[in-house]
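K.L.:
Questions regarding the structure given below will be posed in turn.
The values are calculated or read from the model by the stated rules, or taken from the named source; none is laboratory data. All figures in this text were calculated on a predicted structure; none of them were measured in a lab. The protein model used for the area step is the full one, side chains on, heavy atoms only, and it has no ligands, DNA or RNA in it. Shrake-Rupley method; radii C 1.70, N 1.55, O 1.52, S 1.80 Å.
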Amino acid sequence: GDIDRVGRNRYCVSDSRKTYHFPHSEFAVSVANEIVDAHPYLDFRIFELVQLNEFVNHLIAHNIVFVSVEGGLEEDVFNTLWERHKGSILLKPDVEELFRYMNEDMAVIIKLPTESPKGIDVFWDTRREKMLVDVAVDKLLRKIVYSGEYPTIYQDAFSKYVIDKSVMVRYARRRGALVKYREFLINEAGLNQGDLGI
């Protein structure tokens, strides 16, 4: 823990910034376990909307567990989870559907972009770098997260936590959104180009 990775072949001595870890809810962990049991070789990630509560001024009351699944297998995972979670699981909803059927502890199954970074503790955990890119460029998340919170989310994330910029850039590029993401960080999140290093 004395040295942190901040990019490809780039390390720094640990300072006041820390490595990001989020203790997932029981619901999220149970969903992950159900998927692993039924589909042991499936690649997926889990992101909980309440993970943003650490950074926003207006706390998110209703948790949504986003389950990003390998392309083409979303329906299989939906069918696996449907047995135990009827009424609290949606398959690739649009914004209107999401808000119409939203309830406490619901799971939303969406497509996982290829080469998404794996979690540090468990593979299905969503890394901070992926989360930051997704909040900025994902159409569904852009409608859920209030734009007035962007500066707080991103400035706090970059100042409090170690960010592996190589992982973040590679993922944003893989999503075909690197230019859009860089512009977002400067124009909407209020970060300086010099501080980004991307």
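K.L.:
What is the projected area of the convex hull of the Cα atoms of the stretch 134-196, averaged over all directions, in nm²? List each step's numbers first, then the result.
P.N.:
Numbers: hull surface 16.3 nm².
Over all viewing directions, the stretch 134-196 projects a mean Cα-hull area of 4.1 nm².
K.L.:
Can you tell me the length gained on complete extension of the stretch residue 37 to residue 180, counting 0.36 nm per residue apart and subtracting the Cα distance? Display every interim value, and only then the final one.
P.N.:
Numbers: separation 143, 0.36 × 143 = 51.48 nm, distance 3.75 nm.
Full-extension gain reported as 47.7 nm.
K.L.:
Give the long-range amide H neighbours of residue 107: residues separated by 5 or more places, or on another chain, with amide H under 5 Å away, using H modelled in the peptide plane at 1.01 Å from N.
P.N.:
Long-range HN contacts for residue 107: 65, 89, 90.
K.L.:
From the alpha carbon gyration tensor of the chain, can you work out the equivalent ellipsoid semi-axes (sqrt of 5 times each eigenvalue) and give them in Å, largest to smallest? List each step's numbers first, then the result.
P.N.:
Working: eigenvalues 157, 72, 50 Å².
Output for the chain: semi-axes of 28, 19, 16 Å.
K.L.:
Measure off, as a whole percent, the carbon and sulfur share of the 1.4 Å-probe accessible area of the chain, all protein chains present. Walk me through the numbers before you get to the answer.
P.N.:
On the way: 5030 of 10320 Å².
Ligands and nucleic acids excluded, carbon and sulfur reach 49 percent.
K.L.:
Expressed in nm to one decimal, what extension gain is obtained for the pair residue 147 and residue 99 from 0.36 nm per residue of sequence separation less their Cα-Cα distance? Display every interim value, and only then the final one.
P.N.:
Values: separation 48, 0.36 × 48 = 17.28 nm, distance 1.73 nm.
Separation in residues times 0.36 nm, less the Cα-Cα distance, equals 15.6 nm.
K.L.:
Here is a follow-up. Hey, if we sort 134, 94 by accessible area with the 1.4 Å probe, largest down, what's the order?
P.N.:
Working: 134 15, 94 75 Å².
Output order, biggest surface exposure first: 94, 134.
K.L.:
For the stretch 10-144, with every protein chain kept in place, what is the accessible area per residue (1.4 Å probe, Å²)? Spell out each step's value before the answer.
P.N.:
Numbers: 6950 Å² over 135 residues.
Dividing the accessible area of the stretch 10-144 by its residue count gives 51 Å².
K.L.:
For 178, 52, give me the order by solvent-accessible area with a 1.4 Å probe, most accessible first, ignoring ligands, DNA and RNA.
P.N.:
Details: 178 25, 52 0 Å².
If we order 178, 52 from most to least accessible, we get 178, 52.
K.L.:
Would you please classify the overall shape of the stretch 78-163 from the alpha carbon gyration tensor, given that a ≥ b ≥ c denote the square roots of the eigenvalues, rounded means a/c under 1.5, and beyond that prolate means a/b larger than b/c while oblate covers the rest? Mind dumping the intermediate values first?
P.N.:
Values: a/c = 2.24, a/b = 1.42, b/c = 1.58.
Taking the square roots of the gyration eigenvalues as a ≥ b ≥ c, the stretch 78-163 is oblate.
K.L.:
Run the reach check for residue 180 against lysines, Cα to Cα strictly under 29 Å, same-chain hits fewer than 8 apart removed. What comes back?
P.N.:
The qualifying lysines are 18, 92, 111, 118, 130, 139, 143, 160, 165.
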